[in-house]
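Asker: Sharing a structure below in structure tokens format, with a few things to ask.
The values are calculated or read from the model by the stated rules, or taken from the named source; none is laboratory data. Values in this document were obtained by computation on a predicted structure and should not be read as measured data. Cβ placement follows ideal geometry from the backbone for every residue including glycine, while neighbour counts extend to all protein chains displayed. The accessibility values were calculated without ligands, DNA or RNA, using every heavy atom of the protein model including side chains. Shrake-Rupley method; radii C 1.70, N 1.55, O 1.52, S 1.80 Å.
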Amino acid sequence: MYRLTRGLVDFLLSDVAQAALVELVASDPADELGVLTRLRRRFTAEQAAALVEQVRLRRRAKSKFPDADSMLFTDEALQQATTYEAATYHAKLMVSCGCHTVADLGCGIGGDMLAMARAGLRVFAVEMDPLRARLAQANALALGLGDRVQVVCADWTSLDLPADID
């Protein structure tokens with residue numbers, strides 16, 4: 001059974017995988033077996049499965065994220081992620097309160113973090129799960145928000161937060 005690993009995330013972030021993902025997004029969802037067969041000629045079984053799963057997740061994620069085709073997901077993290085609309089609303093509230101730097105504790109794949117960064121806030125994002133922390137950082141970079149975000153893999157209950165958090 002397929003399971004996303006750090007090594008597969010590194011693969012998915014490679015230029016060759018990113019190019020394959022762009023191609024796959026345009027593929028017919030009904031031809032998944034054919035797509036997988038063609039991918040297996042170019043990639044390992046795990047890599048091919050990771051590519052197909054990301055395309056599947058990106059298609060599902062479009063209802064939550066307008067930039068889903070640039071992001072990486074896990075099934076569980078996508079289910080738990082805050083919708084774009086809710087995250088944008090939260091970010092606007094923080095801006096209206098005069099916040100400049102905020103903490104997103106338990107950021108997951110970055111739904112709220114990305115909305116806060118888009119709103120102009122600096123975000124100190126903390127995620128205990130190493131894979132989700134890696135995806136959050138990758139998603140911020142993919143959307144051009146890496147300079148507004150610092151992702152830390154840690155347990156936020158035992159972490160000293162930066163002094164500049166509003």
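Asker: With the condition being touching a residue at least 40 places away in the same chain (Cβ under 8 Å) and in contact with a helix residue (DSSP H, G or I) (Cβ under 9 Å, 6 or more places away or on another chain), I'd like the helices (runs of 4 or more DSSP H) fully within segment 1-107 carrying at least 1 qualifying residues.
Answerer: 6-12, 15-25, 45-61, 75-80, 84-96
Asker: Can you name every residue in segment 56-80 that is open to solvent by 10 Å² or more (accessible area, probe 1.4 Å) and either in contact with a Ser or Thr (Cβ under 7 Å, 6 or more places away or on another chain) or of a type in the set (Gly, Ala, Ser) (or both)?
Answerer: Within segment 56-80, 63, 64, 70 meet the criteria.
Asker: What is the number of the single condition among (1) under 13 Å from the mean Cα position of the chain (by Cα); (2) open to solvent by 60 Å² or more (accessible area, probe 1.4 Å); (3) β-branched (Val, Ile, Thr) that residue 83 does not meet?
Answerer: In the conditions (1) under 13 Å from the mean Cα position of the chain (by Cα); (2) open to solvent by 60 Å² or more (accessible area, probe 1.4 Å); (3) β-branched (Val, Ile, Thr), residue 83 misses (2) alone.
Asker: Identify all residues within segment 20-46 that are at pLDDT 90 or above, farther than 14 Å from residue 142 by Cβ and under 20 Å from the mean Cα position of the chain (by Cα); write none if there are none.
Answerer: 20, 46
Asker: Do you know which residues across segment 149-164 are open to solvent by 40 Å² or more (accessible area, probe 1.4 Å) and either out of contact with any Leu (no Cβ under 7 Å at 6 or more places or on another chain) or under 21 Å from residue 14 (Cβ atoms) (or both)?
Answerer: 150, 153, 155, 157, 158, 159, 160, 161, 162, 163, 164
Asker: Looking only at segment 136-148, count how many residues are closer than 19 Å to residue 8 by Cβ and touching a Ser or Thr at 6+ places or on another chain (Cβ under 7 Å).
Answerer: Count: 1.
Asker: Here's a follow-up. Do the conditions hold for residue 48, that is, is it over 20 Å from residue 104 (Cβ atoms), in contact with a Lys or Arg (Cβ under 7 Å, 6 or more places away or on another chain) and of a type in the set (A, V, I, L, M, F, W, C)? Please lay out each step first, then the result.
Answerer: Working: over 20 Å from residue 104 (Cβ atoms): yes; in contact with a Lys or Arg (Cβ under 7 Å, 6 or more places away or on another chain): yes; of a type in the set (A, V, I, L, M, F, W, C): yes.
Yes; evaluated as a whole, the condition is true for this residue.
Asker: Suppose the filter is over 17 Å from residue 135 (Cβ atoms) and open to solvent by 30 Å² or more (accessible area, probe 1.4 Å); does residue 91 pass it? Outline the logic, then answer.
Answerer: Numbers: over 17 Å from residue 135 (Cβ atoms): yes; open to solvent by 30 Å² or more (accessible area, probe 1.4 Å): no.
Answer is no for this residue.
Asker: A further question follows. For residue 151, indicate whether it is assigned to a strand (DSSP E or B), touching a residue at least 24 places away in the same chain (Cβ under 8 Å) and either farther than 29 Å from residue 27 by Cα or in contact with a Pro (Cβ under 6 Å, 6 or more places away or on another chain) (or both). Steps first, answer last, please.
Answerer: On the way: assigned to a strand (DSSP E or B): yes; touching a residue at least 24 places away in the same chain (Cβ under 8 Å): yes; either farther than 29 Å from residue 27 by Cα or in contact with a Pro (Cβ under 6 Å, 6 or more places away or on another chain) (or both): yes.
The answer is yes for residue 151.
Asker: For segment 37-76, enumerate the residues that are under 13 Å from residue 8 (Cβ atoms) and of a type in the set (S, T, N, Q).
Answerer: 44, 47, 54, 74
Asker: Take residue 73 and decide whether it is aromatic (Phe, Trp, Tyr) and over 23 Å from residue 129 (Cα atoms).
Answerer: Details: aromatic (Phe, Trp, Tyr): yes; over 23 Å from residue 129 (Cα atoms): no.
Here the answer is no, as residue 73 does not meet what is asked.
Asker: For residue 38, are the conditions met, namely being open to solvent by less than 90 Å² (accessible area, probe 1.4 Å), among the charged types (D, E, K, R) and out of contact with any Asp or Glu (no Cβ under 8 Å at 6 or more places or on another chain)?
Answerer: Values: open to solvent by less than 90 Å² (accessible area, probe 1.4 Å): no; among the charged types (D, E, K, R): yes; out of contact with any Asp or Glu (no Cβ under 8 Å at 6 or more places or on another chain): yes.
The answer is no for residue 38.
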